[in-house]
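What follows is a single structure, written as structure tokens, with notes after it.
The values are calculated or read from the model by the stated rules, or taken from the named source; none is laboratory data. Values in this document were obtained by computation on a predicted structure and should not be read as measured data. Cβ coordinates were reconstructed from backbone atoms using ideal geometry, including for glycine residues, and neighbour counts include every protein chain displayed. For the accessible areas, the whole protein counts, side chains as well, though only heavy atoms, and no ligand, DNA or RNA atoms are used. Shrake-Rupley method; radii C 1.70, N 1.55, O 1.52, S 1.80 Å.
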Amino acid sequence: LNKNVIEINANNVTLDLNGFTISGPAVCSGFPVTCNTGTGVGVYVNPQLSNITIMNGSIVGMGAMAIWINGALSAHIDRLNVSGNGRGIYSNNGTVSNCMVTLNAGTGITGYALLMTGNFVGMNSAYGIQAGSYSGYSNNVLVGNSSGDVTGGAVQIGANLCSGSPCP
């Protein structure tokens, strides 16, 4: 699938999947995970929007990535299962909380100016978390990510477990 499934083009939008799944055609398997990738994104948020929330469901099988939020202000991702995509979540200027981000062919969670809390991020084929400036993470469990559990400039602001031990 080389198209975005849902595109958000307005401010102040809450996408509540209400337990439903956005499912693309990408097939991901093995470890490290590889996918027959395409360019499709599960939820694409156009730049410069504000107050965006994506919550309560699953996004699987997207060739490029599950969620792409670039340049938004106050973006919130909560209670999602993001698995078997080209990459997991890319976001900035917001939060990623209470998500399961697993078995993606790239990094699990990527971005900057993010607060990441209460997530399980595991078995992704690159990093678990790759977050830059002004980012923090707490109460996450990261395990078995091929390139490492955490990289970039994110600051550990609470207890996290990296492959069974406290994160460095």
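Descriptive notes on the structure:
- Selected residue [modelled with pLDDT under 95 and of a type in the set (S, T, N, Q)] from Ser133, Ser138: Ser133
- Long-range neighbours under 6 Å by Cβ, at least six apart or interchain, first residue more than 18 Å from Ser165 (Cβ to Cβ) and in a strand (DSSP E or B) within the range 133-155, second open to solvent by less than 50 Å² (accessible area, probe 1.4 Å) and of a type in the set (A, V, I, L, M, F, W, C): Gly152/Ala131
- The range 1-22 - residue that is among the charged types (D, E, K, R) and outside any loop (DSSP other than H, G, I, E, B) and, of those, least open to solvent (accessible area, probe 1.4 Å): Asp16
- With respect to the conditions (1) more than 19 Å from Ser58 (Cα to Cα); (2) crowded, with 22+ Cβ neighbours inside 10 Å; (3) of a type in the set (Val, Ile, Thr), Ile109 lacks only one, and its number is (1).
- The range 45-66, residues that are closer than 13 Å to Ile77 by Cβ, β-branched (Val, Ile, Thr) and either open to solvent by 10 Å² or more (accessible area, probe 1.4 Å) or under 13 Å from the mean Cα position of the chain (by Cα) (or both): Thr53, Ile54, Ile59
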